[in-house]
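> Have a look at this one.
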Amino acid sequence: MSLLSNYIDCAYCNKKLTKIIKNRTNLNFYEKIILKDYDLKKEFFKKIKSYECQKCFMIQNNPWFNKDVSANIYSNVYGQHHRSWQNLIDFINTDYFKNHKNLYELISKKFKIKNYAEFNSPFMGLFLDIFDRENSLKVSLKKNLSKNIVTYLSSRQVAGKNNKIKKLWMANSNKALKKIKILKKKINYDINKFLVLDHSDIAWGINDNYKSVNSISYAKELLNLKTINIDELKNNFKFDLFGLFLTLDHTHNPRKILNMALQNSKLVIVKCHINRNINKQHLFSLSEKFLNYLKKQRIFVQIINDRIEDKKLTNTHHLYFICSKKKFLI
Ligand SMILES: [Zn+2]
């Protein structure tokens, strides 16, 4: 059975893809593991062509991995999102943690944020930046809190253990939860934090674990994060800011997600890849020309790369932009 399926319609605007663009050949980390786990040769990737949509200017692979393979890539081939957990580990071990340099200051200087939401992934965006800013937490407290969160959640995994171990682990878990509650009394949770989920199977999620703890479960303890299923949002949820940090290209419904964010939030901040040499683990990638398409849909768009104090940004094919249904510049 073929590992590939046809994706000839643009994932964003549905237009039939016609224009093939040039594709690079050197393999990245993700591509190498896919080849290894599926016993494939490098030449296999030549079957996957890159297209530029002539309507919205997204870059898209076609054919691409079928439903079964693509879901398996993000659950089993590399179930843990290393980058995301590394952000959390850096947050715990660093004073004044900044995942996105001055981005949060840049936005919060201009308007007040009380309700903040992100999509699908808890440690890729601004949650940790905001949390550290709210509290100026000491590294020792962060380490203590983190240790107890891991104990609380992993010590409940008693399946297959004998009764003596079960009792001991449950007691440890209860103790850790008590400690978490005491430590959290010292912590401010001024900004309400929400994670909107579409449970996409081309995003990390069900197997995104570290020390046997899932990223979303961990984030709920640390950040008092509330999770909302996307279908519960009826365009009347009012967020001040919505962040999409390298997650818009990890869903089969990018237009639905971006529209949801624009309809439910005053301002939307997006960080995305804009590499025309799209990687094989991605179905599609945004592009700078795609932003012009958004503007034509009466969405206000502002690229803010030159405002972010990150010297690496210019050579990493990453783009930061804000967008809104109302004219709002920062
Ligand atoms: Zn398109």
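> Just need a number here: residues in segment 14-41 that are hydrophobic (A, V, I, L, M, F, W, C) and within 16 Å of the ligand (Cβ to nearest atom).
3
> Among the residues of segment 54-82, what is the count of those that are closer than 30 Å to Lys295 by Cβ and away from the ligand (no atom under 16 Å from the Cβ)?
Matching residues across segment 54-82 total 0.
> Give the residue, chosen from Asp68, Asp37, that is touching a helix residue (DSSP H, G or I) at 6+ places or on another chain (Cβ under 6 Å) and surrounded by fewer than 16 Cβ atoms within 10 Å (Cβ to Cβ). Let's see the steps before the verdict.
Numbers: Asp68 fails: touching a helix residue (DSSP H, G or I) at 6+ places or on another chain (Cβ under 6 Å).
Every option except Asp37 fails the conditions.
> Right, another one. Could you list all residues from segment 1-13 that are over 14 Å from His282 (Cα atoms), of a type outside the set (Ser, Thr, Tyr) and more than 9 Å from the ligand (Cβ to nearest atom)?
Correct list: Met1, Leu3, Asn6, Ile8.
> Can you name the residue in segment 16-49 that is among the charged types (D, E, K, R) and within 26 Å of the chain's Cα centre (by Cα) and, of all such residues, is modelled with the lowest pLDDT?
Arg24
> If you don't mind, there's one more thing I want to ask. Right, Tyr104: outside any helix (DSSP H, G or I), under 30 Å from Leu329 (Cα atoms), away from the ligand (no atom under 16 Å from the Cβ) and aromatic (Phe, Trp, Tyr) or not?
Judged against the criteria, Tyr104 is not a match.
The values are calculated or read from the model by the stated rules, or taken from the named source; none is laboratory data. Predicted model, so just to flag it, every value in this text is computed and none were measured. Note: ideal-geometry Cβ built from the backbone for every residue, glycine included; neighbour counts use all protein chains shown.
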